[in-house]
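Quick notes on the structure that follows.
The values are calculated or read from the model by the stated rules, or taken from the named source; none is laboratory data. Not measured: the values here are computed from a predicted model. Positions of Cβ are backbone-derived with ideal geometry, glycine not excepted, and every protein chain shown enters the neighbour counts.
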């Protein structure tokens, strides 16, 4: 079975809230292992014996699911036949969404959804890594423009952006400014969904401007 097909089957078995997963890649011919590692490029696979190890992140970027799919396609095209398997359990996201909290904004607006999500957070939260999903690729440029204060980062291969939010200090937009951006989306009838992917509480930014997250080898 082609690697692309193996990955598609494995991806379908991952839990809905998966965040990252470690994979093992074993070429049928041991002599192909070094070449497969070189083709790995930005995925930066680790080499151990006749196997490669790589971590795929749901959040996207150079180690995201679509990057992995492209790598597997390159290996298939190069006729480097490999067996793909999952190592261990995937890391599941601690994302907090309105649905998981059993609370959905009555109007379905992005602004109201943001209010609901914030209401689910612990009272001492300080820093957030968030995700904004939209429904259509046609809306990507306008959404990015209206939400420019968020400094949104496009998730590669997905109709989504990530952004950071700081409650009082540090990196990221303030909760109030984020709310204002979402009101702009609502005013133009652009639907979207917001979720908190990661949070930190009671941070003290001594000697820095704020906390950073490293997801799948990528600093966010």
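When residue 46 is tested against the conditions (1) within 26 Å of residue 195 (Cβ to Cβ); (2) surrounded by fewer than 17 Cβ atoms within 10 Å (Cβ to Cβ), the lone failure is (1). What are the residues in the range 163-176 that are more than 19 Å from the chain's Cα centre (by Cα) and either outside the structural domain of residue 115 (by TED's automatic domain parsing) or more than 19 Å from residue 193 (Cβ to Cβ) (or both), if any? Those that are more than 19 Å from the chain's Cα centre (by Cα) and either outside the structural domain of residue 115 (by TED's automatic domain parsing) or more than 19 Å from residue 193 (Cβ to Cβ) (or both): 167, 168, 169, 170, 174, 176. Only a single item in (1) surrounded by fewer than 15 Cβ atoms within 10 Å (Cβ to Cβ); (2) within 20 Å of the chain's Cα centre (by Cα) is not met by residue 123, and it is number (2). The number of residues in the range 153-170 that are outside any strand (DSSP E or B) and either surrounded by 21 or more Cβ atoms within 10 Å (Cβ to Cβ) or touching a residue at least 60 places away in the same chain (Cβ under 8 Å) (or both) comes to 4.
Here the condition is being surrounded by fewer than 19 Cβ atoms within 10 Å (Cβ to Cβ), at pLDDT below 90 and closer than 20 Å to residue 65 by Cα; of 201, 136, it holds for 136 alone.
For the range 172-193, taking the residues that are under 10 Å from residue 128 (Cβ atoms) and not in a helix (DSSP H, G or I), the one that is modelled with the lowest pLDDT is identified as 172.
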